[in-house]
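Heads up, the thing below is written out as C-alpha cells.
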Amino acid sequence: MTTGAAVHGEDFSTLGDGTPVRRWTLERGGTRVRVLTYGAVVQSVVVPGRDGTLAEVALGLPDVKAYETHTGPYFGATVGRYANRIAGASFVLDGRTHRLTPNEGRNTLHGGERGFDKRVWDAEEVPDGVRLSLVSEDGEEGFPGRLAVSVTYTLDEDGALRIAYRATTDAPTVVNLTNHTYWNLAGADSGSALGHELRLAAGRITPGDGESIPTGELLPVAGTRFDFREPKPVGPGYDTNYVLEETGDEPVAELYDPASGRLLTVRTTEPGLQLYTADHIDAGPYGACAGIALETQHFPDSPNHPEFPSTVLRPGEEFISTTVYGFSVR
C-alpha cells in the first residue's frame with residue numbers, strides 16, 4: 001500500500017510589521033521540502049546522496065528577517081506577476097500602454113518593487129502537500145487586472161517536487177510565474193556550484209542586450225558556450241533564457257554532481273528555462289556561484305515581443321503551469 005506525503009504546518013516567524021509567517025514541511029520518498037508562506041519560498045530541500053548521506057541542496061535562509069534583508073537574490077521565491085524582465089517597465093495590451101514599476105534601472109524585474117516574493121500567501125493543506133494563494137489587485141506594480149493566483153507544492157510517490165501554478169483574471173493582463181530556487185547538489189554549504197554537469201534540451205537561446213533584454217533573435221547554441229545539449233560542467237557567466245525543445249516524458253534539464261552522485265531532473269510545461277549561475281550573489285551565508293537556478297518560465301519581455309509565446313491572460317481563461325523537480329542518484 002502506497003502512503004502519501006507527510007505534511008505538517010507550523011508557526012515560523014513574523015515579518016518586521018508583525019505579520020505572522022507559517023512553514024510547511026513535506027516528506028516523502030527520501031525527500032524533505034520546507035515551504036514558507038512568505039514569498040511562497042522553498043526554504044529547504046534535503047535529499048540523499050549516492051552513499052545515503054542527507055544534504056541540504058537548496059540555498060535557503062534561516063529566518064524571515066534574513067529573507068526581508070536579502071531580497072535581491074530571490075532565494076527560493078515564487079516570482080510574479082511577471083518573472084524575468086520587461087523592457088522600459090511598460091507594455092501595450094489591446095492598444096493600451098501599461099506603465100510598470102521599474103526596479104532594475106529602467107526595466108521591471110520579477111514583478112517590480114513588491115512582487116509576489118515579498119507577499120505573505122494564504123496556505124491550506126492538500127493531499128501530499130500545500131497550496132498557497134494570493135490576490136494581486138488591479139494596478140499593483142502597474143499590472144492590469146485583479147489576478148487570483150495559487151501555487152501548489154506536492155511530493156510525488158518517488159519524492160519529486162511538483163510545483164503547479166494557476167491564475168485567473170478579471171481583465172486582460174500578462175502572467176509569467178516561476179520558482180527561483182538555487183541548487184547546489186554538493187550541499188548548500190559547500191561553496192561554489194560551478195562544475196556541476198548540466199544537460200539542457202535546448203538548441204536555441206533568446207540573446208539579450210546590455211540590460212539582459214531580448215533582442216528578439218532565436219540564436220542557435222551550436223558551436224557556442226551556451227550549448228548544453230550534451231552534459232558538460234557549468235562555468236560562470238550565465239543569465240540566459242533557453243528555448244526548450246519538446247521532449248515527451250524526458251526531462252528538459254539534468255543537473256548532476258559527480259562527487260555526491262545527486263541528480264536533479266526538470267520536467268515542465270513551460271517553453272523556456274532561465275539558467276542563472278548567480279555570479280554576483282553576496283547575501284547571507286552565500287557567495288558568488290553558490291547555487292545554480294533553473295527557472296522554468298515564458299521568455300523575458302514577451303509582452304513586447306509578439307513573436308514570442310504569448311503571456312497574455314484574459315477573463316474566462318486560466319493560466320496553468322507545472323514544473324517537476326526530480327531527485328535521484330547516479
### Task
Give the Kirkwood hydrodynamic radius (Å, one decimal) of segment 204-274, defined as one over the mean of 1/r across all pairs of different Cα atoms.
13.6
### Task
Report the far tail of the P(r) of segment 270-330, meaning the percent of Cα-Cα pairs longer than 15 Å.
68
#### Entry: the chain, accessible area per residue, ligands and nucleic acids excluded (1.4 Å, Å²)
40
### Task
Extending each Cα 7 Å along its Cβ direction at Leu219 and His8, get the distance between those two points in nm, one decimal.
4.9
### Overall dimensions of segment 85-128 as given by Cα atoms, namely Rg and Dmax in Å
14.8, 44
### segment 107-249: Cα Rg divided by the 2.2 N^0.38 Å rule of thumb
1.26
### Task
Please find, in a Gaussian network model of the chain (springs between Cα atoms separated by less than 10 Å), the residue of Ala293, Ala186, Ala148 whose mean-square fluctuation is greatest.
Ala148
### Query
Can you pull the percent of segment 29-122's accessible area that's carbon plus sulfur, 1.4 Å probe, other chains left in place?
46
### Task
May I ask you to list the residues of segment 205-219 whose amide nitrogen lies under 17 Å from a point 7 Å from Cα along the Cα→beta-carbon direction of Glu307?
205-209, 213-219
#### Entry: Virtual spin-label span in nm between Asn103 and Lys232, 7 Å along Cα→Cβ
3.5
### Task
Between the alpha-carbon centers of segment 282-307 and segment 107-151, tell me the distance in whole angstrom.
18
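The values are calculated or read from the model by the stated rules, or taken from the named source; none is laboratory data. Predicted model, so just to flag it, every value in this text is computed and none were measured. Positions of Cβ are generated from backbone atoms using ideal geometry, with glycine treated the same way; all protein chains shown enter the neighbour counts. For the accessible areas, the whole protein counts, side chains as well, though only heavy atoms, and no ligand, DNA or RNA atoms are used. Shrake-Rupley method; radii C 1.70, N 1.55, O 1.52, S 1.80 Å.
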